[in-house]
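The values are calculated or read from the model by the stated rules, or taken from the named source; none is laboratory data. Note that the structure is predicted; figures quoted are calculated from it, not measured. Using ideal geometry, Cβ is built from the backbone for each residue, glycine included, and neighbour counts are taken over all protein chains shown.
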Amino acid sequence: MKTRFILINTSHAGNVGAAARAMKTMGFGDMVLVAPRWANVLRREETIQRASGALDVLHNARIVDTLDEALDGMTHLCATAMTARDFGPPTRSPREHFELLLKKEHFRQQISHLEAYFPYKNTENTSPATGMAFLFGSERFGMRNEDVYRCHVCLRIPTNPTFGSLNLAAAIQLIAYEWRLALGGFGGDTAQTNDDNRPLADAAHIAGLLQHWEKALVDIDFLDPAAPKKLMPRLNQLFNRAQLSPEEIHILRGIAKAMSQAASATYVPQSASKTPD
């Protein structure tokens with residue numbers, strides 16, 4: 001399974017180097033920085049010193065302007081936060097959430113085993129993900145609510161209730177350790193998906209679907225753009241829970257297109273446009 005660590009608006013170069021060291025220690029190497037404070041952060045002396053030899057992680061790291069670019073190819077998004085949000089995805093400890101994912105994988109394997117004996121094809125996707133992304137906000141402010149709302153879960157590391165302050169690199173180290181432990185350590189990857197499984201839509205597909213539905217809902221006067229409230233974040237969470245495939249995304253976008261067409265005076269049903277025999 002692809003695993004990516006995404007650092008959003010990082011302000012301290014040393015934290016980038018320390019994050020690279022933490023990732024490499026746990027066997028991970030995909031780091032993406034979203035709009036960091038320093039454009040040359042990957043080459044700064046403090047970054048290199050704090051990496052303590054994890055120079056390959058820094059060499060392969062990418063800097064992008066937007067979170068959408070960082071999420072390319074990712075299907076399961078994990079936000080991180082010190083405090084739970086009143087609204088948004090469920091908040092769990094890393095270990096609790098990873099155990100839930102592994103239970104889904106176990107169920108998928110049981111279904112796959114039964115298919116060898118019964119003449120039916122399972123069409124349900126029970127695998128947890130094909131691309132896991134861990135998102136970390138800036139050192140001063142953490143993650144923005146709108147970025148948390150896009151995620152499937154908000155991971156909260158259990159800490160001292162009276163002092164829960166964690167350095168960014170320390171938080172990355174803990175989550176990287178828990179995820180490596182969930183994957184079976186270095187003896188195997190127990191959460192690998194099967195190539196026969198229906199693929200999941202990635203974050204870019206979901207974002208495109210949401211934009212399309214937002215326009216359609218405005219077109220049919222269901223959504224007031226001047227007072228959207230939390231309709232779109234709620235739909236985002238609904239689509240995340242559904243674990244949509246690219247084909248299902250295509251269907252839902254087709255429905256959104258039909259809604260917009262129905263709201264316009266020029267809409268002509270396909271059946272009515274055909275010439276009678």
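The C-beta contact set for the range 90-113 (first residue at pLDDT 90 or above, second residue among the hydrophobic types (A, V, I, L, M, F, W, C) and surrounded by 14 or more Cβ atoms within 10 Å (Cβ to Cβ), distance under 6 angstrom, 6+ apart or interchain) comprises Pro90/Val153; Thr91/Cys154; Arg92/Val153; Pro94/Leu155; Pro94/Ile175; His97/Val153; Phe98/Ala182. Are any residues in the range 1-45 among the charged types (D, E, K, R) and part of a helix (DSSP H, G or I), and if so, which ones? Correct list: Arg21, Lys24, Arg43, Glu45. Taken residue by residue, the range 58-66 has no member that is within 30 Å of Pro161 (Cα to Cα) and surrounded by 21 or more Cβ atoms within 10 Å (Cβ to Cβ). The C-beta contact set for the range 134-163 (first residue at positive phi, second residue outside any strand (DSSP E or B) and crowded, with 17+ Cβ neighbours inside 10 Å, distance under 7 angstrom, 6+ apart or interchain) comprises Gly142/Ala81. Ala242 satisfies every condition listed in (1) surrounded by fewer than 17 Cβ atoms within 10 Å (Cβ to Cβ); (2) in contact with a helix residue (DSSP H, G or I) (Cβ under 6 Å, 6 or more places away or on another chain); (3) closer than 19 Å to Cys154 by Cβ except (2). Listed by first and then second residue, the pairs linking a residue in the range 205-231 that is on the phi > 0 side of the Ramachandran plot to a residue that is assigned to a helix (DSSP H, G or I) and small (Gly, Ala, Ser), with Cβ atoms under 8 Å apart and 6 or more places separating them unless they lie on different chains, are Asp221/Ala263.
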